[in-house]
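Peer 1: Okay, here's the structure, questions in a sec.
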Amino acid sequence: MAPFQRDGWKKQYLWREANRNVFSRDSRLLLVLGFALLAGIGVSLVAAFQWNAFSQLLVDSEAKGRNIVIYQGADIAVPTKIDRSSCEAISSEPGVRRAGGISLIGSAKFTQLGPAVQVFSVSSSLLPELGRVDAVVGSELGYTGVDRRFLMPDGSTQSVSQGHKEPSGIDLGNAMSVPFLPTQSSVDRCIVVLDWFSEVAESVPRLSSGLVATGGTLTSKVSFTDSVDPVETFLSRLDRFLPITLGILCGVMGLVVNRFRSSDIASYRFSGTTVRSMFLLLFYEQSLLAGCFTASSALTLLFVTNYFVDPSSQVLWTFEGGLAWLVVSTANLWLSRGDPSSLSKDR
């Protein structure tokens, strides 16, 4: 127990000494400090690139109809009506971005658009623009404008806006969309847009249980299914462990550099520094370096936040990388317990 006896070092003095050893201009740890800062920045930049590519992949898949579920009658010959309120209520369910009903009204001639334009009644919970205008013109009809007056087939003028390009499954690009009348209590189809990370197989039966339908049998179909789930592929990638890997490598680098500081460690020991204080000093040094690694990564995240769907998840990985560094640094106990005479000869 003798090597762990107490000496004159207090913890605040050890922290002050560690700070001087890490950040002084002639410090032997400057190389490790520089590598820690670059590694922290690199971790966040690599993660931002990965998340940006992943987000773009999901956007492309969503345009094809990924995570879009359509509930409708199983047999066209048997009319099936879905209760409108039960359909629109799905929009408040967990994992649902928007949901609502669609019913075909028929075709009409519009002066600005031409003849035989299909007109649909659409829930504002599915097409949010209908909450502020009287009608939405499909993005493929060549009409441009926002909140402009529009001549309707019955001779009235209403405010309309150009619709956004909708994904496959919400086929309103070549149609005019109008809100449901208050008296319309049923819809032909109920369309649900799930968020990117929802499990479709689990969501479909759960959401259908809340729908009320009359007439025929209700069925569901997914507009598009990826051959390989991009979310599962992204979450199971090995390079998500990059922060931890770099944290371990930086910790090993710190051990190697400390091995070449054996004469400095011997000087501390000859001056009366105990094994306990020597270990704490080396651990505090590595804590400051690991903190610089974590801080540089976190600060970099502030500049690339827009590339992440969930930046907080990357912050967690960064802290785990710093923790991995500290775990590796506990091996400095081996140097702390070394014989001062042998350490002084080992340069």
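Peer 1: Do we find that Val257 is within 35 Å of the chain's Cα centre (by Cα) and in contact (Cβ under 8 Å) with a residue 24 or more places away in the chain in this structure? Give the steps one after another, and end with the answer.
Peer 2: Numbers: within 35 Å of the chain's Cα centre (by Cα): no; in contact (Cβ under 8 Å) with a residue 24 or more places away in the chain: yes.
No; evaluated as a whole, the condition is false for this residue.
Peer 1: Looking for something without any contact (Cβ under 8 Å) to a residue 12 or more places away in the chain and of a type outside the set (A, V, I, L, M, F, W, C) - is there at least one such residue anywhere in segment 75-91?
Peer 2: no
Peer 1: Return yes or no: is Gly163 farther than 20 Å from Val200 by Cβ and exposed (fewer than 15 other Cβ atoms within 10 Å of the Cβ)?
Peer 2: Criteria not met by Gly163.
Peer 1: While we're here: Inspect segment 72-82 for any residue being buried (at least 16 other Cβ atoms within 10 Å of the Cβ), at pLDDT 90 or above and in contact with a helix residue (DSSP H, G or I) (Cβ under 9 Å, 6 or more places away or on another chain) and give the result as yes or no.
Peer 2: No, there is no match, as no residue in segment 72-82 is buried (at least 16 other Cβ atoms within 10 Å of the Cβ), at pLDDT 90 or above and in contact with a helix residue (DSSP H, G or I) (Cβ under 9 Å, 6 or more places away or on another chain).
Peer 1: While we're here: Looking at (1) in contact with a His (Cβ under 9 Å, 6 or more places away or on another chain); (2) over 20 Å from Arg84 (Cα atoms), which one does Leu113 not meet, given that it meets all the others?
Peer 2: (1)
Peer 1: Which one is nearest to Cys292 (Cα to Cα), of the residues in segment 308-330 that are surrounded by fewer than 16 Cβ atoms within 10 Å (Cβ to Cβ) and under 15 Å from the mean Cα position of the chain (by Cα)?
Peer 2: Leu316
Peer 1: Return the residues of segment 130-150 that are buried (at least 18 other Cβ atoms within 10 Å of the Cβ), of a type outside the set (Gly, Ala, Ser) and within 33 Å of the chain's Cα centre (by Cα); say none if nothing qualifies.
Peer 2: Hits for segment 130-150 are Leu130, Val133, Val136, Val137.
Peer 1: Have a look at Ala36, Ala47 and point out the one that is closer than 28 Å to Leu280 by Cβ, at pLDDT 85 or above and touching a helix residue (DSSP H, G or I) at 6+ places or on another chain (Cβ under 7 Å).
Peer 2: Checking each option against the conditions leaves just Ala36.
Peer 1: Going residue by residue through segment 232-252, is there one that turns out to be within 17 Å of Gly65 (Cβ to Cβ) and either acidic (Asp, Glu) or surrounded by 13 or more Cβ atoms within 10 Å (Cβ to Cβ) (or both)?
Peer 2: Within segment 232-252 (the criterion being within 17 Å of Gly65 (Cβ to Cβ) and either acidic (Asp, Glu) or surrounded by 13 or more Cβ atoms within 10 Å (Cβ to Cβ) (or both)), the answer is no, since none of the residues qualifies.
Peer 1: Right, another one. Pick out the one residue from Arg276, Arg261, Arg269, Arg237 that is within 30 Å of Leu57 (Cα to Cα), charged (D, E, K, R) and not assigned by TED's automatic domain parsing to the domain that holds Phe197.
Peer 2: Arg237
Peer 1: Does Val222 meet the test of being surrounded by 15 or more Cβ atoms within 10 Å (Cβ to Cβ) and either more than 26 Å from Trp334 (Cα to Cα) or not assigned by TED's automatic domain parsing to the domain that holds Thr144 (or both)?
Peer 2: Judged against the criteria, Val222 is a match.
Peer 1: Which one is surrounded by the most Cβ atoms within 10 Å (Cβ to Cβ) among residues in segment 205-219 that are among the polar types (S, T, N, Q) and under 12 Å from Ile70 (Cα atoms)?
Peer 2: Ser208
Peer 1: Is it the case that Glu62 is under 30 Å from Pro205 (Cα atoms), at pLDDT below 90 and part of a helix (DSSP H, G or I)?
Peer 2: yes
Peer 1: If I filter segment 43-50 for residues that are in contact (Cβ under 8 Å) with a residue 60 or more places away in the chain and not in a helix (DSSP H, G or I), do I get at least one hit?
Peer 2: No.
This table checks each residue for (1) in the same structural domain as Leu281 (by TED's automatic domain parsing); (2) of a type in the set (Ser, Thr, Tyr); (3) touching a Leu at 6+ places or on another chain (Cβ under 9 Å).
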{"position": "Tyr13", "(1), (2), (3)": "yes, yes, no"}
{"position": "Ala18", "(1), (2), (3)": "yes, no, yes"}
{"position": "Ser24", "(1), (2), (3)": "yes, yes, yes"}
{"position": "Ser27", "(1), (2), (3)": "yes, yes, yes"}
{"position": "Val32", "(1), (2), (3)": "yes, no, yes"}
{"position": "Leu37", "(1), (2), (3)": "yes, no, no"}
{"position": "Val43", "(1), (2), (3)": "yes, no, yes"}
{"position": "Ala48", "(1), (2), (3)": "yes, no, yes"}
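Peer 1: What is the residue count in segment 87-109 for residues that are surrounded by fewer than 19 Cβ atoms within 10 Å (Cβ to Cβ) and either under 14 Å from Val178 (Cα atoms) or among the small types (Gly, Ala, Ser) (or both)?
Peer 2: Qualifying residue count, segment 87-109: 10.
Peer 1: Looking at segment 83-106 only, could you name the residues that are touching a helix residue (DSSP H, G or I) at 6+ places or on another chain (Cβ under 8 Å) and β-branched (Val, Ile, Thr)?
Peer 2: Ile90, Val96
The values are calculated or read from the model by the stated rules, or taken from the named source; none is laboratory data. This one's a predicted model, so the numbers in the text were calculated from it and none came from an experiment. All Cβ positions, glycine included, derive from the backbone under ideal geometry; neighbour counts span all protein chains shown.
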